[in-house]
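Visitor: After the structure tokens below, expect a handful of questions from me.
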Amino acid sequence: MNEQSLNLVKRSFKEFYFKHTNYVETPNRIEEREFGYMQFNGGMIRHLSFKNNGELSAHFLKHIPSDVYYSCAYYINPTAPMQEKIFKGADLIFDIDIDELALICAKDHEMWICNHCKNVMGEKQECGKCNSMKVEKISLTCDNCIDAGKGELKKLIKFLQEDLGIQENEIKIYFSGNQGFHLHIYNTELESLDPHSRADIADYVMGNNILPDSFGVRKNSHLVKDVISKFPNIDDFGWRGRISRQLMKDDKAKPRTVQKILKAGYLRFKTELDDIAREIGAHIDPKVTMDIHRVFRMQGTLNSKSGLMKAPCNAIDTFDPLTNACVLTDEEVLVNVRYSPKFRLKERFFGPFNDQKVKLPTYAAVYLICKGLAEV
Amino acid sequence: MSNIQFGSRDLAKYPFLTEAGKYLKDLDYSLDEFEGPSKKRIIERACERILTAIDGNVFKQLDDLDTEIVSFLIALIIVHALGIRSVSRKYSLGEARRAEMFLERDLKHESDERMRSILTRIFKDLFSIDITQENNKFKFKVSEYLKRATYFHDEHWKLVNRIVNRGFVYLDSDDTVRLIRDEISLYIYDKINKMELKQLPESIKIKVDELRGKVVKHVEFRRYFVTTKYPPCVHHILQLLSKAENPPHSARFLLATYMLSIGKSTDEICALFETAPDYNERVTRYQVEHLAGMKGSRTKYVCPSCEKVTSDNNCYRTEECDGIINPLQFGRRRIRNE
């Protein structure tokens, strides 16, 4: 972004942090966390520690970061280099990335931008203007994206509560500030889990690697009577029940279902299980869940990829991230938009724009600038 | 359930239980007594236990119950005095397999309630975990289950293939026994390591020296067949690169750490990435050198496990991958010296 654009974004962020320090939600056990932030001129500052909310707010009001992060882990020495921090435990985190859901609406608001000349293209290709191969995907989240993200959230919460026994008050949900949702779990028994165990939980909610053997179907199974006693009922717990409800209407259909499975064979059933799991499992980013040393965006701070806030989502159905997370001012500014499809922020729709100067409220102007689609 | 009385037969089968310690106290054994010839049989028995375990077999004897209980303790002392880590490991595993054998056998013949009480007691005694029972299944808290089961590489142990409800994992007796075998092994290994011995009776010292000579014969030297073929996951990444496609970050990490582990130089590894559309020589070199422990934190990164590769969606498993848990083991078959 050019200097004027950068100044506008910086000024808006500064104004937000001065006016809304109360939005910043300090994580629990603040003294055991590592904090870090990105600067507007690039570069990441890490290994910071704060004693309380006041100290933290004062630091960020002074430095005005583009993005603020804190560790999901608790350390004995949060300011020490990584090998000397001494891990005590970590929150269990889930990340739902709407961009990874392969939604059909993506074609309406997904584009590619050349990192060199900022040329905007409809598909991933070599830049037609400067021939650079360095192109980046940009997407403007729409209502359909939000609904799909919420659908995944609901699936995930069901796994966490019904199967893993996590209580409602141990779960906190946030809109990431760009294209996803973050789900934080504060549970003392789970905080000591190592990355392997966390990967196992991620695989559980996604339904990865379900074995036909768990349903009594083995490679050498041929007889219905051998399988039927181990085949789940539709009201069985966990994945067994979930899968069987997809395979049959009621338990009376069990012999017929088992016969069909045996006829198709072990491998065909394995593929069917994978297909069902893909459909009814929660789509999360497993790398985020298993990483215990990750620094994570802080709730109530701004995301420099959009100018939106990482906002708490207390009631999934009524939560509207495009309104609730849109916290910059309404003051109008003139910007030159290279290209933008129609998009909504708060209650207003904007665009489509194609290489034109438009007056936009600051929140919309900053949104397009952060996406790389506009300049002051 | 908790009021179960352990007889000497139970303790001979499960001599690591705290009751066995109390039982020995009642018998009033002291190490000094092992100087005399009357305890020769117990020392011999202890050596038999050790050699059987080193051979990879299970010590099945259950004739003289007091001897079985005491010989377990003497065997621990001897293994500690030997101070050979591989022997401690093999012995611990051997004892755990013996317990597993009895547990499995007893589950078939003894009354259900009694056996379940023994299993519950083992968990409580050894690992301070309360497990409960429901509808003939043992209930473990998800966190307790994961801490143990993630060490098993068979997919059967993955949480997704278990019955999970309201924060508990439900296991049948067989799986519960299998789950605790490794725990018992670790528990015994830990017990051997933490032992503090002052003075050993001469009769035991002689046996320790004798065993040391025998043990050396049992130490296996391993040789491996190695193929030059890359595992399918690595091969796939190389194919992507050859087509000038961008492999994901996790795949690049896998490729670089794999190549570093098999001894490729950083120059050779950087060259592999040259065809990537986003190739930047300076960045690639820094990252490869970082993984090799030459830059930054100086941590040398290791090749991720097959489990991690699968979680990252980079696994392209073929039949040749059967039985391996890390891409580095691909094509490597162990052969033993005669």
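Visitor: Restricted to the stretch B:112-144, and to residues that are hydroxyl-bearing (Ser, Thr, Tyr) and more than 22 Å from A:Leu193 (Cα to Cα), which residue is nearest to the other protein chains (Cβ to nearest Cβ)?
Guide: Among residues in the stretch B:112-144 that are hydroxyl-bearing (Ser, Thr, Tyr) and more than 22 Å from A:Leu193 (Cα to Cα), the one nearest to the other protein chains (Cβ to nearest Cβ) is B:Thr120.
Visitor: Count, please, the residues in the stretch A:91-120 that happen to be within 14 Å of another protein chain (Cβ to nearest Cβ), within 29 Å of A:Ile146 (Cβ to Cβ) and over 18 Å from the mean Cα position of the chain (by Cα).
Guide: 3
Visitor: Out of the residues in the stretch A:121-140 meeting the condition of being within 14 Å of another protein chain (Cβ to nearest Cβ) and in contact (Cβ under 8 Å) with a residue 24 or more places away in the chain, tell me which one is nearest to A:Ile185 (Cα to Cα).
Guide: A:Lys137
Visitor: Are there any pairs with C-beta distances below 6 angstrom linking a residue in the stretch B:309-321 that is among the aromatic types (Phe, Trp, Tyr) to a residue that is surrounded by fewer than 20 Cβ atoms within 10 Å (Cβ to Cβ), with the two at least 6 apart or on different chains, and if so which?
Guide: Cβ pairs passing all conditions: B:Tyr316/B:Pro232; B:Tyr316/B:His236.
Visitor: Next question, about the same structure. Would you call B:Val309 under 28 Å from A:Pro81 (Cβ atoms) and either in contact with a Ser or Thr (Cβ under 9 Å, 6 or more places away or on another chain) or not polar (S, T, N, Q) (or both)?
Guide: Spelling it out, it is not the case that B:Val309 is under 28 Å from A:Pro81 (Cβ atoms) and either in contact with a Ser or Thr (Cβ under 9 Å, 6 or more places away or on another chain) or not polar (S, T, N, Q) (or both).
Visitor: Only one of these conditions is not met by A:Lys129: (1) buried (at least 22 other Cβ atoms within 10 Å of the Cβ); (2) assigned to a loop (DSSP other than H, G, I, E, B); (3) of a type outside the set (Val, Ile, Thr). Which number is it?
Guide: For A:Lys129, the exception is condition (1).
Visitor: Let me ask you something else. Search the stretch A:275-315 for residues being under 30 Å from A:Ile113 (Cα atoms) and polar (S, T, N, Q), and hand back the single one that is surrounded by the most Cβ atoms within 10 Å (Cβ to Cβ).
Guide: The qualifying residue surrounded by the most Cβ atoms within 10 Å (Cβ to Cβ) is A:Thr289.
Visitor: Could you grab me the full set of residues in the stretch A:301-334 that are of a type in the set (Val, Ile, Thr) and touching a helix residue (DSSP H, G or I) at 6+ places or on another chain (Cβ under 7 Å)?
Guide: Result: A:Ile316, A:Val327, A:Thr329, A:Val333.
Visitor: Which ones in the stretch A:303-325 are of a type outside the set (S, T, N, Q) and within 11 Å of A:Phe175 (Cα to Cα)?
Guide: Within the stretch A:303-325, A:Leu308, A:Met309, A:Lys310, A:Ala311, A:Pro312, A:Cys313, A:Ile316, A:Phe319, A:Asp320, A:Pro321, A:Leu322, A:Ala325 qualify.
Visitor: Let me ask something else. Of the numbered conditions (1) over 16 Å from A:Gly180 (Cβ atoms); (2) part of a strand (DSSP E or B); (3) assigned by TED's automatic domain parsing to the domain that holds A:Glu34, A:Ile292 satisfies every one except a single condition; which is it?
Guide: It fails just one condition, (2).
Visitor: Of the residues A:Pro255, A:Pro195, which is of a type outside the set (Ser, Thr, Tyr) and in the same structural domain as A:Asp163 (by TED's automatic domain parsing)?
Guide: On inspection, the qualifying residue turns out to be A:Pro195.
Visitor: Could you check the stretch B:228-332 for helices (runs of 4 or more DSSP H) lying wholly inside it with 2 or more residues that are more than 14 Å from chain A (Cβ to nearest Cβ) and under 26 Å from A:Asn208 (Cβ atoms)?
Guide: Where helices (runs of 4 or more DSSP H) fall fully within the stretch B:228-332 and carry at least 2 residues being more than 14 Å from chain A (Cβ to nearest Cβ) and under 26 Å from A:Asn208 (Cβ atoms), they are B:232-242, B:249-261.
Visitor: So which residues in the stretch A:295-346 are among the hydrophobic types (A, V, I, L, M, F, W, C) and assigned to a loop (DSSP other than H, G, I, E, B)?
Guide: Matches in the stretch A:295-346: A:Met298, A:Leu308, A:Cys313, A:Ala315, A:Ile316, A:Phe319, A:Ala325, A:Cys326, A:Val327, A:Leu328.
Visitor: Could you pull out every one of the helices (runs of 4 or more DSSP H) wholly within the stretch A:141-260 that has 2 or more residues that are more than 11 Å from chain B (Cβ to nearest Cβ)?
Guide: A:143-158, A:224-228, A:238-247
Visitor: Return yes when A:Asp274 is acidic (Asp, Glu) and in contact with a helix residue (DSSP H, G or I) (Cβ under 8 Å, 6 or more places away or on another chain) and no when it is not.
Guide: no
Visitor: Within the stretch B:301-326, which residues are over 17 Å from B:Ile237 (Cα atoms) and of a type in the set (Phe, Trp, Tyr)?
Guide: Within the stretch B:301-326, B:Tyr301 is the sole residue that qualifies.
Visitor: If you don't mind, there's one more thing I want to ask. In the stretch B:46-70, what count of residues is obtained for those that are part of a helix (DSSP H, G or I) and at pLDDT below 90?
Guide: Adding up the residues that qualify gives 7.
Visitor: Next question. Looking only at residues in the stretch B:145-175 that are more than 16 Å from the chain's Cα centre (by Cα), buried (at least 19 other Cβ atoms within 10 Å of the Cβ) and not in a strand (DSSP E or B), which one is nearest to the other protein chains (Cβ to nearest Cβ)?
Guide: Filtering first and then ranking leaves B:Gly167.
Visitor: Tally the residues that are at pLDDT below 85 and more than 27 Å from A:Phe181 (Cα to Cα), restricting the search to the stretch A:122-148.
Guide: The total comes to 9.
Visitor: Continuing with this model, one more query. Exactly one of these conditions fails for A:Pro321: (1) buried (at least 22 other Cβ atoms within 10 Å of the Cβ); (2) at pLDDT below 95; (3) more than 26 Å from A:Lys118 (Cα to Cα). Give me its number.
Guide: Exception for A:Pro321: condition (2).
Visitor: So, in the stretch A:49-74, exactly how many residues are among the aliphatic types (A, V, I, L, M) and either outside the structural domain of A:Asp95 (by TED's automatic domain parsing) or buried (at least 19 other Cβ atoms within 10 Å of the Cβ) (or both)?
Guide: Of the residues in the stretch A:49-74, 3 are among the aliphatic types (A, V, I, L, M) and either outside the structural domain of A:Asp95 (by TED's automatic domain parsing) or buried (at least 19 other Cβ atoms within 10 Å of the Cβ) (or both).
Visitor: Additional query: Considering only the stretch B:251-271, state which residues are touching a residue at least 60 places away in the same chain (Cβ under 8 Å) and over 28 Å from the mean Cα position of the chain (by Cα).
Guide: If the condition is that a residue be touching a residue at least 60 places away in the same chain (Cβ under 8 Å) and over 28 Å from the mean Cα position of the chain (by Cα), then B:Ala251 is the only one that fits.
The values are calculated or read from the model by the stated rules, or taken from the named source; none is laboratory data. Just so you know, these numbers come straight off a predicted model, no measurement behind them. So basically every Cβ, Gly included, is an ideal-geometry build from the backbone, and we count neighbours across all protein chains shown.
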